[in-house]
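One structure below.
The values are calculated or read from the model by the stated rules, or taken from the named source; none is laboratory data. Everything numeric in this text was worked out from a predicted model, so none of it was measured. Methodologically, a virtual Cβ is constructed for each residue, glycine included, from the backbone with ideal geometry; neighbour enumeration extends over all protein chains shown.
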Amino acid sequence: MNYLVTGATGFIGRFLVARLLQDSDAQVHVLVRESSRDKVEKLRNALGEDAASRLHAVWGDIAEAGLTSASARKKLAGKIDHIFHLAAVYDMNMDDATADRINTEGTRNVVEFANGLGGDVRLHHMSSVAVAGNQFEGQFTEDMFDEGQSLDHPYYRTKFESERIVREECRVPFRIYRPGAVVGSSETGEMDKVDGPYYFFKTIQRIRDTVPRWLPMIGIDGGRVPVAPVDYVALAMYALAHKPDGDGECFHLIQSQSPSVGELIGVLLEAAHGPEIARSIDVGRFGTLPSPVRQVTNSMIRVVPGSVLRMASRALGVPVSVLGYIFNPAVFDDRKARAALKGTGVKCPDIRDYADKLFQYWEVHLDLDTHVPASLQRKLGGKVVLITGASSGIGFSVAKKLGAAGAKMVLVARTPEKLELTRHIIEKAGGEAHCYPCDLNSMEAIDAMAQQVLHDFGHVDVLINNAGRSIRRAVFESFDRFHDYERTMQLNYFGAVRLIMNLLPEMARRKSGHIINISSIGVLANAARFSAYVASKAALDAYTRCLSAEVRSRNIHTTAIYMPLVRTPMIAPTKMYDYVPTWTPEQAADTVVDAIVKRPKSIATPVGTAAALSYAVWPKVNDYILSKGFQLFPSSSAAQGVKEGGKPTIEQVVFANLFKGEHW
């Protein structure tokens, strides 16, 4: 089977090309501009050797008549079975001229190319639910097209016009696909840019970071949001394109029961571990005002400076066109697509089942708005900073922030692929990073890594011992698990000490250095169920306190950060922690920034300081409180033979909020 794909290096295009090339007999020709050679190579590298050998670049441009050279057209003539036209400009801030040149005239050029290609070619046109405009009232079906709808935005207008061109001018068989708001992969969360619902993610993140999860919120509700993950869109297009029937038909590629605005916000808040929406105010009812009234209102929104919608747009960082979906009264029907896909195994998943992947991917890959204080930039510009455990959690957030401050980041973790990803993200944000994969359980591996770093950079200015292993298991559940204590001590204590002793001589020679150890509030509070973890952190704490006196005269500083509970992969097995107060990795990273700028001996939360004081002055009172917490909170499902409950009780919520950040 031979295919020609436009827009193959775009987001949906990459997924579609990968699916087409899963068929061993597929030959895929991709129309690409000469200036995008690097994108073609990137696409080839992502496909694997066999698939890449069956990917063929056709140099050209949909904005040019004929698409490509006469010689290239001659080679393709009569040999293409399917043309997938995905290339288009999607930018809610686009101008009319660009929209007309690419979306409208580009589609006309593709249709003319298909008409003159010869053979049994079929055209598959990627349209959009945007053809309905943003003011259509009621149900918009797959059989509907020209319903007199308002198309007052270049994107809506040109998607409508491009679909009209296919319907009226295409002389070969064609099929039309209208995806909704395309979000990231339902499998991995992969997304290429902030768009559509993603504009709300930053606001959701801020709510998550400031509002306790147990506090119910009042939200807003409105129109339906026709979402669809990119992998579903690509798989559905492939399946529908190869069905024997369907020529001249249009298919909506959306989640059948599309969530309302309020439902979507609630799902995303849950995915972000934020508070629940107890009740929503349906502002979408304004979208059902009589049409003349709504048109006047929309006109006012466009022309009156300082309108409520524009102010909301600026405050939330969301384009006005996206905010308009709150008032969108259209409901899209996908019955025809579902019927055609029956028996193919392709079905649009519910966003509730993959929203967590979308939010996690956004936080790691797309949330590059890193706040860096000027004092940190002055302190770290050009300095070499080594951080262990750099590929996730606290380490990742710290590395991203310090990289943005101008430090040369030396990233250490066990998995090379994850380290490379961290490096890529730091560099994407304008920083500098270098990867040194290392198993910190191995003393020999630590020695080799440290010597290589010293060879490459000459020294390390700041060492952050962040990598660690945590085990939440009571002593009475550990009688046959002594290896838990050995493994935890090996990584958290011996590994950190070995690294310090490799880097310390050069710090001493240069009379400059800073060693930061990420410790735990449990060291101050003597957290029950964490005897293995706390003992290892306490050992490192004691070692560093002793070391501090020895290196003081050499201008080497040490800082212990007694971190409270932080929402990282380390605590994920304990589902109860989804509901107790925790810090985000971003908040933890800000604390590390404080440590670098101010170089304190230690940093602790008020609860941690109070716990240490109470144990020194009233040890029995301290034990009484910890014993209550031990009885109140169950063991995690990882502990032998013990299962967790679901949501916490009121008593657990109150207790956890009284002792914020403590490990229970």
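Details
- Qualifying residue in the stretch 65-73 (condition: out of contact with any strand residue (DSSP E or B) (no Cβ under 9 Å at 6 or more places or on another chain), without any contact (Cβ under 8 Å) to a residue 24 or more places away in the chain and part of a helix (DSSP H, G or I)): yes
- Scope the stretch 183-200; condition of a type in the set (A, V, I, L, M, F, W, C), modelled with pLDDT of 90 or more and surrounded by fewer than 23 Cβ atoms within 10 Å (Cβ to Cβ); matching residues: M191
- Pairs where the first residue, in the stretch 244-272, is in the same structural domain as R352 (by TED's automatic domain parsing) and among the aromatic types (F, W, Y) and the second is surrounded by fewer than 23 Cβ atoms within 10 Å (Cβ to Cβ) and assigned to a loop (DSSP other than H, G, I, E, B), C-beta under 9 Å, 6+ apart: F251/E142
- Taking every residue in the stretch 501-517 that is surrounded by 15 or more Cβ atoms within 10 Å (Cβ to Cβ) and pairing it with any residue that is of a type in the set (K, R) and part of a helix (DSSP H, G or I), at least 6 positions away or on another chain, the pairs with Cβ-Cβ distances below 6 Å are A508/R554.
- Going through (1) modelled with pLDDT under 95; (2) in a strand (DSSP E or B) one by one, H29 falls short only on (1).
- Check on G406, assigned to a loop (DSSP other than H, G, I, E, B), without any contact (Cβ under 8 Å) to a residue 40 or more places away in the chain and either assigned by TED's automatic domain parsing to the domain that holds Q490 or closer than 21 Å to R510 by Cβ (or both): yes
- Matching residues, the stretch 456-477, being over 17 Å from L402 (Cα atoms) and of a type in the set (S, T, N, Q): S470
- Qualifying positions in the stretch 394-410 - closer than 22 Å to G458 by Cα and of a type in the set (V, I, T): V410
- Residue ID - farthest from the chain's Cα centre (by Cα), chosen from residues in the stretch 178-228 that are aliphatic (A, V, I, L, M) and in a loop (DSSP other than H, G, I, E, B): L215
- Condition check for M563 on (1) surrounded by 17 or more Cβ atoms within 10 Å (Cβ to Cβ); (2) more than 38 Å from the chain's Cα centre (by Cα); (3) not basic (K, R): one failure, at (2).
- Scanning the stretch 118-144 for residues that are closer than 20 Å to A339 by Cα, in contact (Cβ under 8 Å) with a residue 40 or more places away in the chain and not hydroxyl-bearing (S, T, Y) returns H124, H125, M126, V129, Q139, F140, E142, D143.
- Helices (runs of 4 or more DSSP H) fully within the stretch 427-517 counting 1 or more residues that are at pLDDT 95 or above and within 17 Å of T388 (Cβ to Cβ): 443-457, 496-510
- In the stretch 1-58, of all residues being under 20 Å from A114 (Cα atoms) and among the β-branched types (V, I, T), the one that is surrounded by the fewest Cβ atoms within 10 Å (Cβ to Cβ) corresponds to V58.
- As a summary of the residue check, T98 satisfies the conditions (1) part of a helix (DSSP H, G or I); (2) of a type outside the set (D, E, K, R); (3) at pLDDT 95 or above except for the one numbered (3).
- Restricted to the stretch 532-557, and to residues there that are in contact (Cβ under 8 Å) with a residue 12 or more places away in the chain and hydroxyl-bearing (S, T, Y), the residue that is nearest to S478 (Cα to Cα) is Y533.
- C348 meets each of the listed conditions (1) more than 30 Å from D594 (Cα to Cα); (2) outside the structural domain of V194 (by TED's automatic domain parsing); (3) not basic (K, R) apart from (2).
- The set of residues in the stretch 429-455 that are in contact (Cβ under 8 Å) with a residue 12 or more places away in the chain, hydrophobic (A, V, I, L, M, F, W, C) and closer than 26 Å to A560 by Cβ comprises A433, C438, L440, M443, I446, M449, A450, V453, L454.
- Of the candidates V497, V460, the single residue that is crowded, with 21+ Cβ neighbours inside 10 Å, assigned by TED's automatic domain parsing to the domain that holds M409 and closer than 15 Å to N517 by Cβ is V460.
- Matching entry among G458, G468 (being in contact (Cβ under 8 Å) with a residue 40 or more places away in the chain and within 20 Å of R529 (Cα to Cα)): G468
- The numbered conditions (1) of a type in the set (D, E, K, R); (2) surrounded by fewer than 20 Cβ atoms within 10 Å (Cβ to Cβ); (3) at pLDDT 95 or above are all true for R414 except (3).
- Single condition E147 does not satisfy, out of (1) touching a residue at least 60 places away in the same chain (Cβ under 8 Å); (2) under 17 Å from V331 (Cβ atoms); (3) of a type in the set (D, E, K, R): (1)
- When restricted to residues that are touching a residue at least 24 places away in the same chain (Cβ under 8 Å) and among the basic types (K, R), the stretch 31-52 contains 3.
- Residues being of a type in the set (S, T, Y) and at pLDDT below 85 - total across the stretch 209-242: 1
The rows are residues; the columns are (1) closer than 20 Å to V225 by Cα; (2) charged (D, E, K, R); (3) in the same structural domain as L235 (by TED's automatic domain parsing).
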{"position": "M144", "(1), (2), (3)": "yes, no, yes"}
{"position": "G148", "(1), (2), (3)": "no, no, yes"}
{"position": "D152", "(1), (2), (3)": "yes, yes, yes"}
{"position": "F160", "(1), (2), (3)": "yes, no, yes"}
